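Below is one structure, written out as structure tokens, with a few remarks after it.
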Amino acid sequence: DDAGVPGRVRVAVRLRCRNAEEMVADADFADCVELQPELKRLKLRKNNWDAETYEFDEVLTEFASQKRVYEVVAKPVVESVLGGYNGTVMAYGQTGTGKTYTLGRLGEEDPATRGIMVRAMEHILADVSLETDSVTVCYLQLYMETIQDLLDPTNDNISIVEDPKTGDVSLPGATLVEIRDRQSFVELLKLGEAHRFAANTKLNTESSRSHAILMVHVKRSIEGRDMTHSGENGNNNHIIKALKPPIVRKGKLVVVDLAGSERIDKSGSEGHTLEEAKSINLSLSALGKCINALAEGSAHVPVRDSKLTRLLRDSFGGTARTSLVITIGPSPRHRGETASTIMFGQRAM
Ligand code: ADP
Ligand code: MG
């Protein structure tokens with residue numbers, strides 16, 4: 001099992017159960033997919049007698065708990081972030097298939113339903129020591145190639161700065177908030193969500209048309225270790241203790257709730273929708289090209305093609321761990337979108 005192997009994208013597929021509408025409207029029709037979780041396989045039905053089979057790193061059925069999804073999709077990435085590396089967890093899929101449920105669910109009424117963002121923060125806070133380490137977050141929306149600060153709505157055009165030598169990405173001007181406990185993090189996510197809703201209302205758009213991006217910076221100082229060694233002639237009476245200077249170890253976790261992958265031009269909406277469609281297609285296809293390049297072990301990862309991939313530049317490939325969860329629904333009505341989501345996931349492997 002190569003969970004957390006750097007430079008390779010780990011892909012899980014998650015199926016949500018039928019919603020109330022699908023249970024009624026599609027009652028006479030079979031699901032378009034069939035999962036074989038123990039074989040890590042998914043069958044996409046072509047018709048009543050024929051199906052295509054695909055393999056994934058992990059296959060999560062509609063019965064998979066949020067805890068299990070966290071363990072499979074995010075835990076190895078968070079562990080490597082705690083070890084001082086960067087990492088990315090992304091959800092890709094059609095609107096309504098469970099991206100936000102998987103990543104962003106707060107689970108205040110029922111802790112068992114908490115999603116990856118909250119679980120990752122709990123994991124990080126349990127591992128660091130807040131006297132010497134720091135955990136800071138920023139929360140952004142990327143809409144039409146513009147980065148907006150979800151923690152400060154007046155900050156609506158954040159630029160990306162890349163260090164030409166190291167390739168490190170920074171966002172000068174983005175609000176950074178220090179986190180010390182889970183509840184204040186949950187409050188921050190709620191505030192960000194409220195700002196996102198207000199901004200999107202003003203722009204006359206929906207949150208499914210933009211990417212939500214959470215960044216968690218973990219900075220740890222590794223205590224100067226006791227270096228104990230004995231005297232030259234093996235005489236243990238002269239034990240020398242030397243204190244090493246503290247080392248700072250930095251890791252960054254990026255969680256991306258991607259824009260809906262559906263072809264939105266067919267929805268027939270007017271106005272700037274076509275521009276939105278172009279912009280979403282640009283960023284998702286740029287992302288697709290980058291993860292294909294990683295999957296092929298290509299030396300050239302084309303990060304420059306979109307803001308989304310420029311933003312992720314130091315958080316995938318190289319020593320960074322990347323985990324992608326593709327979310328699908330079972331309804332035969334959306335078989336086409338489901339097939340295209342599955343293909344996106346397959347190309348990442
Ligand atoms: P997306 O973010 O992909 O548009 P959502 O996460 O908003 O989709 O999910 C759409 C609806 O389906 C929501 O009402 C959500 O609560 C529900 N849902 C999604 N995934 C699950 C799941 N695994 N279990 C239960 N309900 C789910
Ligand atoms: Mg969503």
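Some observations on this one:
- Positions within region 294-349 being open to solvent by less than 20 Å² (accessible area, probe 1.4 Å) and in a loop (DSSP other than H, G, I, E, B), in sequence order: 306, 315, 316, 317, 320, 329, 330, 331, 348
- Residues considered: 131, 71, 55, 62. Of these, the only one that is modelled with pLDDT of 95 or more and more than 16 Å from ligand 1 (Cβ to nearest atom) is 55.
- Tabulated pairs, region 93-112, first farther than 13 Å from residue 325 by Cα, second open to solvent by 20 Å² or more (accessible area, probe 1.4 Å) and within 7 Å of ligand 1 (Cβ to nearest atom), C-beta under 6 angstrom, 6+ apart or interchain: 95/208
- Positions within region 297-344 being touching an Asp or Glu at 6+ places or on another chain (Cβ under 8 Å) and either acidic (Asp, Glu) or more than 21 Å from residue 143 (Cβ to Cβ) (or both), in sequence order: 314, 320, 329, 330, 331, 332, 333, 337
- Those residues of region 193-216 which are in a loop (DSSP other than H, G, I, E, B) and among the aliphatic types (A, V, I, L, M), in sequence order: 203
- Matching entry among 327, 273 (being of a type in the set (Ser, Thr, Tyr), farther than 30 Å from residue 166 by Cβ and free of Cβ contacts under 8 Å to residues at least 40 places away in the same chain): 273
- Members of region 86-117 found to be more than 23 Å from residue 187 (Cβ to Cβ), away from ligand 2 (no atom under 13 Å from the Cβ) and either in contact with a Gly (Cβ under 9 Å, 6 or more places away or on another chain) or modelled with pLDDT under 95 (or both), listed by number: 86, 87
- Residues of region 157-171 classified as exposed (fewer than 15 other Cβ atoms within 10 Å of the Cβ) and touching a helix residue (DSSP H, G or I) at 6+ places or on another chain (Cβ under 8 Å), total: 1
- Residue within region 91-99 that is under 14 Å from the mean Cα position of the chain (by Cα), away from ligand 1 (no atom under 16 Å from the Cβ) and not aliphatic (A, V, I, L, M) present: no
- Residue 154 being in a loop (DSSP other than H, G, I, E, B) and within 16 Å of ligand 1 (Cβ to nearest atom): no
The values are calculated or read from the model by the stated rules, or taken from the named source; none is laboratory data. Here the structure is a predicted model, which is why all the values come from computation and not from measurement. Cβ sites come from the backbone with ideal geometry, for glycine too, and all protein chains shown count toward neighbours. Heavy atoms of the whole protein, side chains included, go into the accessibility calculation; ligands, DNA and RNA do not. Shrake-Rupley method; radii C 1.70, N 1.55, O 1.52, S 1.80 Å.
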